[in-house]
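This report concerns only the one structure given below.
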Amino acid sequence: MTGTGGPDAPAIAVDGLWQVFGDGARPALSELLKPGAATTDGVARRLKEQGLIPAVQDASFTVKEGELFVIMGLSGSGKSTLIRCMSRLVEPTSGSVLMAGEDILAASKRRMIELRRDKLGMVFQHFGLFPHMSVVDNVAFPIKMKGVGLKERRARAMEVIELVGLGGREDAYPRELSGGQRQRVGIARSLAVNPDVWFLDEPFSALDPLIRRQLQDEFLNIQATLRKSIVFITHDIGEALKLADRIAIMRDGVIVQIGTPSEIVLNPVDDYVREFSRDIPKGRHMTLEALMEPVDVAPDRGGPELRTAMTLDDALSACALTFEPMAVRDGEGRVVGLLHPEALARAVGEAQST
Amino acid sequence: MSGLSPLTTALDSKGKQAAALVVFVGLLCLLAAPYAPWLVAWPSVLTVPMSEWISQGLGAFFDLIKPAMRWVSWVLGFGMAAANWLLVSTPWVVVIGMTTAVGWYLGGLKMAALGFFGLLFVLASGYWVESMNTLALVFVSVPLALLLGTAIGILAYEVARVKKAVEAVLDLMQTIPTFAYLTPLLLLFGFGPVVGLIASAIYAAPPMARNVLLGLERVESEIKEAAVMSGGTRAQQLFLVELPSAMTQIMVGVNQSLMAALSMVIIAAVIGGFNDIGWEVLLTMRKAQFGQSFLAGLVIVVFAIVIDRMSGALAQERRRYSTRVVWWIIVASLVAAVVLRDILPDAGTLSYFGGVADAVDQSVGDFTRVYGTTLDTVKNTAMFYVLLPLRIGLDDAVLPFTWGFQWTAAMSAWVYAIGVTLAAVLAWQGRLTLGLCLLLLIGVIETGVTQLPWIFVLVGVGALGWVSSGWRLSVLCVGLLGLILISGLWDRALLSLYLSGAAVFTCAVLGGALGLWAAVSRTAWAVIHPVCDMLQTIPLFVFLIPMLMFFQIGEFSAFLAIIAYAIVPMIRYTRHGLVTTPEDMIEAATSSGATNWQIMREVRAPYAAPTILLGLNQTILYAFAMLVIAALIGTTGLGQSIYIALGRADVGLGITAGAAMAILALVADRLVQGFAEERRKALGL
């Protein structure tokens, strides 16, 4: 968990958010949502019967200050729609989205523009770079919208360009960059106005696996220094577990579970979630806290120091280091070799992750 | 038909039902014609004098807005005079230098050379002043068209409610023949070059509007969202992000707009020129000075190519060429103009190709003298054996003078008997639809397109609409054609239908074959491709010149001109459809052991069918566009009506005939699109 920083007041609070597509969605939904009406499932079924598409159904969650909140789901699960509701790129049908206490769904057009100029940043799956602008102009664009002069905005843009490691490429055009570099520009642009809330819509999905891992690590580094409140969309459970403070799992427009990575892996609420974490090596995400027998006093036998936050893999290898290599015997009891437990532990880990 | 159960089982598909219905109506007409002539020819009592009504209605309206329009005309006159003065009084060295510089900037050495030699040719042809006058019209009308088009495109994009309406209007504007624009404008603005200017501004706006709309719609949604999330206002999003992102597509619009304007400016010469190049072509054509008119036509072609290639380069990803060279070329031409001003001859006095024109005249004269009989034979064969029967039917076209014998009723009976037998054989083989269609075809050739009973035509088109896409289209087509019927322009519409139909059919067969050839042979495409490019760049007007040279005024020349212009899309789309079959489908067929021809027949052709149908659609629209221009060299039909209306400044006739033409084009367009759509759906595309 993120632990120390900031008060526990939520940076974002989403409550009862619905996004229904189709003609006459709004009156149909408000009719169905009258007090004492059906469950979420019931409402969704009725909407579908009317030929409407409930893309997001009754989503409620909070994102804490400085928290990295990941929304995970398969394509068509409504996760992209949800983040577009929160950034008001699409107009939600019902519900509320509070940011620092302000309901942005009630904000006027003018106010929305102000919010976007000062408080919100967004990164897109296919980068969404402006093809006719150089890197520095792309990055400086949100600052330009604020009416900042050329010199000042270039200076600020150069800062973020350095931050994402693109220094020296500022005069290139998007078509001259590789995928990874393009997304660096996208990230830089979204950070240009130093927003409080950072939306990332599958930012690494369009990249090669190697570049993806590299950018994930750099992203974590940036977040470690900037500590934004983040909503991050992905369809990749590995990415979600690696990055998230908390994860919300979506299916068919419904959030089915919200929890920390180890909660998701250890206590999936249903088969859908279990199916996701099935191929995930538990040793890598499960911590000792979930495994240990809770006692107050334990006998001190020396050996490695164990912590609750240690993953099983780490604990296994820590313990293994202290053991002596052991003899391996054949069928008749003769010693035929030595096994190093460390090698064993590593082998177990590898077998699980493939 | 539900009561007749054997019938319903035999007619188990839409196609069969429709064909059977049309055959039935045709039979009815054939039998009833002698007793009920109103079945064949629409009674003139029931004709609604639409032309007169429109003339009166619009006349009153025009009188109202005329002062304002005259004022606009006066203002535009200034702009035009200024552009004219600028282009004509600028020394030709500088104009050529500027063009070369622009060419360099857009496409390097190749484009610079094109500009340089192109304009040098214009200079040497002796048509420099005329060309600059034409260019001045283009330079004033195109910015107007671009502004207008951009505004319309943005409006359609921004206001979802008007988008459908705007698109419908753009569709309509594309099908209304060019001449038809001129008559109302003539009334509003009076004779003079300003009419040509405004006509070309109006005519050139739709392609711009279309491309602006298309470009804006095609901007990636994430780019638009990124602009929103950057906190841009709607205006900032549109002008700083979306329009610039759509620039490539918009440049395609600029290119098309330029070409349309050039084409229209030249056509506008028919209302009385003012010493421009289109007028020169028309004048020399009328005087039968084919050498001169050929030369002037070449100048237009050179202009068209230079403008097209240069503006086309705008729409392509191109590398940047040094601006230093651009400045050097401009400075050099300025210096040359100043230093050599006493040595350089006046542009108006140059004419190196007068001899060439005379030689062309001479050789064409010689050629037609020597091969005149051959040319006449070609023309007469086509006329007597193909066009005439199609137009007035075998029973009227077969005369001792044409075929060497007189057609008799017994022969008709024989033709029908053979047709019925063939149809029966086909039906017995399970190809009932084909049999019925064959029967219809025989009926049409026997009767002649222009003498078809109106009720037969309406039912036939209605049935086609129904098969192609359903009741709505069927009703739309019949309704629109019904308008032509009651307007009294029916006979002329059928004449137009016959000529364009014959040309389209020829284009389909010939163009399809050429497209197929180009698809299988790289060498063939290497030859056909530049020819197609060339034919598509040439303004419509110019197609008439060579046809006139060899076949004189008449329907056959018009027929050839239409084919020359309208065949290009058929070739292009056929080839494109055939060569773009996905590689994995071909590999699958190859690994199944198919030969090249089997692949062509079984895989490529079916896959290409929707594309080829779209090509046919384009060919039809092109044919209608050319049909009107061809009225200049003697066709009857709607084109001639529009032309007559122009001469008489009869706005009612001009508009009704123009609308009738547009209706024909629209109906044909929708029918073919319907079939293409159905094929696409069947292929899951």
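Entry comment: accessible area of chain B is 46 Å² per residue, from protein heavy atoms only and a probe of 1.4 Å. For chain B, the share of accessible area belonging to carbon and sulfur comes to 70 percent (1.4 Å probe, ligands and nucleic acids excluded).
Mean sequence separation of contacting Cα pairs (under 8 Å, at least six apart), scaled by the length of the range B:489-685, corresponds to a relative contact order of 29 percent. Considering only B:510, B:181, B:111, the residue lying farthest towards the positive end of the dipole of the protein assembly as shown is B:181, judged by Cα position with unit charges set on Cβ.
Remark on the range B:407-515: ratio of C-alpha radius of gyration to 2.2 N^0.38 Å is 1.23. Helical runs assigned H by DSSP (4 residues or longer) give the protein assembly as shown a calculated mean residue ellipticity at 222 nm of -21500 deg cm²/dmol, each run adding -39500 (n - 2.57) before division by the residue total. For the range B:236-345, the list of GluC sites (Glu not before Pro) that fall in a loop by DSSP and count at most 12 other C-beta atoms within 10 angstrom reads B:317. Only the Cβ atoms of Lys and Arg (+1) and of Asp and Glu (-1) were treated as charged; on that basis the dipole of the protein assembly as shown about its Cα centre amounts to roughly 1800 debye.
Bridging of residue B:224 to lysines at a Cα separation below 28 Å is possible for A:79, A:109, A:119, A:144, A:146, A:151, A:228, B:163, B:164, once same-chain residues fewer than 8 apart are set aside.
Across peptide B:459-468, the mean count of Cβ atoms from other chains lying within 10 Å of each residue's own Cβ comes to 0. Computed from point charges on the beta carbon alone (+1 for Lys and Arg, -1 for Asp and Glu), the dipole magnitude for chain B about its Cα centre is near 700 Debye. Rounded to the nearest 10 degrees, the inclination of helix B:605-630 to the longest alpha-carbon principal axis of chain B is 70 degrees. Of all beta bridges that DSSP places with both ends in the protein assembly as shown, some 55 percent have antiparallel geometry. Taken one residue at a time, the phi angles of the range B:73-86 give Karplus couplings (6.51, -1.76, 1.60, θ = phi - 60°) of 4, 4, 5, 4, x, 4, x, 5, 4, 5, 4, 4, 4, 4 Hz. Gly and Pro are set to x.
Annotation for residue B:590 and residue B:522: the two label points, set 7 Å from Cα along the Cα-Cβ direction, are 1.4 nm apart. Comparing the full protein assembly with the isolated chain (1.4 Å probe, heavy atoms, ligands and nucleic acids excluded), the residues of the range A:132-148 losing at least 50 square angstrom of accessible area are A:132, A:141, A:145. Axis of helix B:178-189 versus longest Cα principal axis of chain B: the two differ by about 60°, to the nearest ten degrees. Only one residue of B:378, B:269, B:616 has its Cα farthest out toward the positive end of the dipole of chain B, where Lys and Arg carry +1 and Asp and Glu -1 on Cβ, and that residue is B:616. Gyration tensor over the Cα atoms of the protein assembly as shown: the corresponding equivalent ellipsoid has semi-axes (square roots of 5 times the eigenvalues, largest first) of 67, 40, 30 Å.
What separates the Cα centres of the range B:75-105 and the range A:82-120 is a distance of 53 Å. Accessible surface for residue B:576 stands near 100 Å², nearest 10, in the context of the full protein assembly shown (1.4 Å probe). In plain terms, the C-alpha convex hull of the range B:489-685 casts an average shadow of 12.2 nm² when viewed from every direction. Reported to the nearest whole Å, the Cα centre-to-centre distance from the range B:196-231 to the range B:260-312 is 30. Any idea what angle helix B:522-537 forms with the longest principal axis of chain B, computed on alpha-carbon atoms, 0 to 90 degrees, nearest 10? Helix B:522-537 sits at roughly 70 degrees to that axis. This model, with +1 at the C-beta of Lys and Arg and -1 at the C-beta of Asp and Glu, gives the range B:489-685 a dipole about its Cα centre of some 40 debye. Residues A:182, B:286, sorted by accessible area with the largest first, give B:286, A:182 [1.4 Å probe; ligands and nucleic acids excluded]. Roughly how many whole Å is it from the C-alpha centroid of the range A:185-242 to that of the range B:611-682? So the two Cα centres are separated by 57 Å. In summary, chain B shows an alpha-carbon radius of gyration equal to 1.05 times the 2.2 N^0.38 Å reference for compact globular proteins. Buried surface between chains B and A: roughly 1800 Å² of accessible area, summed over both sides, computed with a 1.4 Å probe on protein heavy atoms only. In summary, the lysines within cross-link reach of residue B:379, defined as a Cα separation below 30 angstrom excluding same-chain residues under 8 places away, comprise B:287. For chain B, relative contact order (Cα pairs under 8 Å, six or more residues apart, normalised by length) works out to 19 percent.
For a straight C-alpha distance cut-off of 20 angstrom, the lysines reachable from residue A:34 (same-chain residues fewer than eight places away being disregarded) are A:48.
The values are calculated or read from the model by the stated rules, or taken from the named source; none is laboratory data. Only a predicted model underlies this, so the values are computations on that prediction, with no experimental measurement involved. Every residue, glycine as well, gets a Cβ built from its backbone with ideal geometry; the counts of neighbours run over all protein chains shown. Remember, those area values only see protein heavy atoms, side chains included, never the ligands or the DNA or RNA. Shrake-Rupley method; radii C 1.70, N 1.55, O 1.52, S 1.80 Å.
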